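Colleague: Dropping a structure here in structure tokens format, bear with me for questions.
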Amino acid sequence: MFKKVLILLLFLGSHPLFAEPFPPPLTPITIAYPDPGATLSVSTATFILGSIIPSTGTFRINGQIVKPHRNGGFLAYLPIPSLPAGKQPAEFVFHCELQYQNTTYTLDHKIRIFSLQTPPTTQIFIDPNFLLPNEAMELNPGDWLDVRLRGTPGAEGEWSLSGVKKHLPLFEMENSGIYRGSYQIQPGDKAKEAEVEFSLKHKDLGKTRETSKGKVTIPSEPFRVVEVSSELAQGETGPGNSYFMFVKKGTRLLMNGRQGKKLRAFLSETESAWFDSGAFQILPEGYIHPRTTLEHINTSVSDNSTIVSLSLGSPVPYSIEPTPEGLELKLYYTQARTTFMTYDSKDTFVQNIQWKQIGRQTCVVSIRLSSKETLWGYHVSLKPGSLNLELKRAPRLKPRPSSVFAGLKIILDPGHSPRTSPPWDGAVGPHGTQEPIATLALAKNLKALLEKAGAQVVMTRSGEEEVAIYERPKIAWENRGDLFISLHYNAIPDGTNPFEKTRGFSVFYYHAHSLALAQSIHRAYLRRHSLPDEGLRYGNLVVSRISQMPAVLVESAYLIFPEQEELITSRRFQTKIAIALLEGAKNFLEKERNKQQKK
């Protein structure tokens, strides 16, 4: 607590993001992050940010001098001491002291810490919070059960799967106190919520045992039929890994595994995907397994797109990948019985379609597109008896001297939504600047420039309303946008050293048809941006995954650095970044216009 209260009557001037001036801080020391009482999982150090007033005072946190920026904002990376074994999360205090003239002001900022440091070597110990499995699992013959233990280094470890296998060895990773082991489920193994038991034995410190929270079931029936009950189920390469497929409501899949709240879907003999269990309903035992046939394939011209319609008896999971010639659509649980394909004679976009059966229940449809036209995006819709793949052409751009933006609809996405109290949605700066407030200010600047250039602009968020992350792609498609630009300011994960490398701007894309837009904006940033370049990046992010139009996400600066927060909140910087974004989009469109004029 503060030992002494000081009322500082300092006028801070007007903040460029708000009509009202910033109120003077109520205390000389303010912590913006981490939130009070927050629980962090870190190793040996973590960062803290906030502000002090006056900025000319001597400021220390846990005895270490922290140099503030000229405006009083600070960012510090501080060590975390070893915490008592087995007593985590443990309370940790950032003790802050500000000395100014003859007065000392103090603040104790308390959080909780899960420490990932090496366990102590003076006692035999197994960390119950670090055991794997840590959630219920369903496995089948051929699956691997991987286990992990964190405990006293230099010991001998073993583990057992109750009722299945005993005395399996654990192997320590380079004297780190991290032990791992694995077992492949065998035909004939049976288990229902079997416990995984661990033991460590040290020649000097004795022996200890622990049981993991996660229990293992080996079901007698390996497959169950499930059906997507939510609007969209997102398939991952593994539990918590990258998304790679998106399955629509009403689609049935074969489930053959579970880990916690994740279900594993069997797609083919060599492929699987993991989904949130909440997106499915499990159908009754004995329900007919998913399968269909691919019959006819037709194309039809519609507005500025070509629709490829595939006749399917029932919806099936699919994936779409770009190829040098166009797109490849992979259909699971599908056998081709395609005798005829019909092309729309008015269509010049789709040049050729071929199908190939690559497995017993997997069919690939390859679509070759005209090199004279640009694939702008695609959209998949399911109708009774068919899957429709809409292939969008580039919009017809007006010839010079008209603005290249004339008649186009640009979707601007000010990232995140503001909140009145922590936890914040998005990053927060040392002076408490919220990312959604800063991104909205930038979006308004860019909107004005785009409209002046002749574009129609749709904002996914125009004020302080809350817009969920998955609503933003819907807004973009419902408004039939031509380009999508998501605006963000960056932060870093807890425990990361903010000073280990230079940090500045980055541009993200996901789909191949978004790469050229991302490259053009990145080049414009290189020309006009004053902060370091962190590169053009592939990003498997919700908004960059928009498939119907070129879509990018831009991180223009790091809000957590006081000097960058100062830039972000200045009108000059906002205008500078908006001009760079306008220039990047313009150059991308000009390249397409040149292509269209050569046709």
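The values are calculated or read from the model by the stated rules, or taken from the named source; none is laboratory data. Quick caveat, the model's predicted, so the values are computed rather than measured. Neighbour counts are summed over all protein chains in view; Cβ atoms, including those assigned to glycine, are modelled from backbone coordinates with ideal geometry.
Colleague: Answer with yes or no whether Lys213 is in the same structural domain as Glu193 (by TED's automatic domain parsing) and more than 21 Å from Tyr318 (Cβ to Cβ).
Modeller: So Lys213 fits the description; yes.
Colleague: Quick one: which helices (runs of 4 or more DSSP H) sit completely within the range 490-599 and have at least 3 residues that are under 30 Å from Ile80 (Cα atoms)?
Modeller: In the range 490-599, 562-568 are the helices (runs of 4 or more DSSP H) which contain 3 or more residues that are under 30 Å from Ile80 (Cα atoms).
Colleague: If I ask for residues that are of a type in the set (A, V, I, L, M, F, W, C) and in contact (Cβ under 8 Å) with a residue 60 or more places away in the chain, which ones from the range 233-245 would you list?
Modeller: Phe244, Met245
Colleague: Still on this structure: Would you confirm whether any residue within the range 522-537 is surrounded by 18 or more Cβ atoms within 10 Å (Cβ to Cβ) and free of Cβ contacts under 8 Å to residues at least 40 places away in the same chain?
Modeller: The answer is yes; a qualifying residue exists.
Colleague: Out of all the residues in the range 75-103, which are at pLDDT 95 or above and β-branched (Val, Ile, Thr)?
Modeller: Scanning the range 75-103 gives a single hit, Val93.
Colleague: So, one more: Looking at (1) in contact (Cβ under 8 Å) with a residue 60 or more places away in the chain; (2) among the charged types (D, E, K, R); (3) over 30 Å from Gly73 (Cα atoms), which one does Arg368 not meet, given that it meets all the others?
Modeller: Arg368 satisfies every listed condition except (1).
Colleague: For the range 265-315, give me every one of the strands (runs of 3 or more DSSP E) that falls completely inside it and has 2 or more residues that are among the aliphatic types (A, V, I, L, M) and in contact (Cβ under 8 Å) with a residue 24 or more places away in the chain.
Modeller: Filter on the range 265-315 gives 292-302, 305-312.
Colleague: Can you give me the number of residues within the range 470-500 that are without any contact (Cβ under 8 Å) to a residue 60 or more places away in the chain and under 22 Å from the mean Cα position of the chain (by Cα)?
Modeller: 3
Here's the yes/no breakdown for (1) at pLDDT 95 or above; (2) outside the structural domain of Leu515 (by TED's automatic domain parsing); (3) within 29 Å of the chain's Cα centre (by Cα):
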position: Phe266; (1), (2), (3): yes, yes, yes
position: Asn298; (1), (2), (3): yes, yes, no
position: Ser302; (1), (2), (3): no, yes, no
position: Ser319; (1), (2), (3): yes, yes, yes
position: Ala336; (1), (2), (3): yes, yes, no
position: Gln354; (1), (2), (3): yes, yes, no
position: Gln357; (1), (2), (3): yes, yes, no
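Colleague: Quick one: in the range 377-388, of everything that is in contact (Cβ under 8 Å) with a residue 24 or more places away in the chain and of a type in the set (Ser, Thr, Tyr), which residue is farthest from Phe349 (Cα to Cα)?
Modeller: Step by step, filter the range 377-388, then rank; the result is Ser386.
Colleague: List the pairs whose first member sits in the range 502-513 and is on the phi < 0 side of the Ramachandran plot, whose second member is among the aliphatic types (A, V, I, L, M) and outside any strand (DSSP E or B), and whose Cβ atoms are under 6 Å apart, counting only residues at least 6 apart or on separate chains?
Modeller: From the range 502-513, the pairs are Gly504/Leu531; Phe505/Leu531; Val507/Ala518; Val507/Ile521; Tyr509/Leu515; Tyr509/Ala518.
Colleague: OK, next. Could you tell me which residue of the range 182-219 is farthest from Leu145 (Cα to Cα), considering only residues that are small (Gly, Ala, Ser) and either assigned to a strand (DSSP E or B) or more than 36 Å from the chain's Cα centre (by Cα) (or both)?
Modeller: Gly206
Colleague: Next up: Say we look at the range 269-296 and pick out the residues that are touching an Asp or Glu at 6+ places or on another chain (Cβ under 8 Å) and crowded, with 18+ Cβ neighbours inside 10 Å; which of these is nearest to Arg252 (Cα to Cα)?
Modeller: Selected residue: Phe280.
Colleague: Continuing with this model, one more query. For the range 561-576, how many residues are crowded, with 24+ Cβ neighbours inside 10 Å and of a type in the set (Val, Ile, Thr)?
Modeller: The qualifying residues number 1.
Colleague: Okay, moving on. Report yes if Thr374 is at negative phi and either in contact (Cβ under 8 Å) with a residue 40 or more places away in the chain or among the charged types (D, E, K, R) (or both), otherwise no.
Modeller: Here the answer is yes, as Thr374 does meet what is asked.
Colleague: Now a separate question. Looking at the range 151-172, I want the residues that are at pLDDT 95 or above and have a partner that is loosely packed, with under 14 Cβ neighbours inside 10 Å and of a type in the set (D, E, K, R) with Cβ atoms under 6 Å, at least 6 apart or on another chain. Which pairs are those?
Modeller: Close Cβ pairs (under 6 Å, with a partner that is loosely packed, with under 14 Cβ neighbours inside 10 Å and of a type in the set (D, E, K, R)) amount to Ser160/Lys166.
Colleague: Related question: When the residues of the range 165-193 are narrowed to those that are farther than 30 Å from Pro119 by Cα and not basic (Lys, Arg), which ends up surrounded by the most Cβ atoms within 10 Å (Cβ to Cβ)?
Modeller: Ala191
Colleague: Please go through the range 268-281 and give me each residue that is closer than 16 Å to Asn140 by Cβ and more than 22 Å from the chain's Cα centre (by Cα), ordered by number.
Modeller: Once the filter is applied, which keeps residues that are closer than 16 Å to Asn140 by Cβ and more than 22 Å from the chain's Cα centre (by Cα), the range 268-281 yields Ser268, Glu269, Thr270, Glu271.
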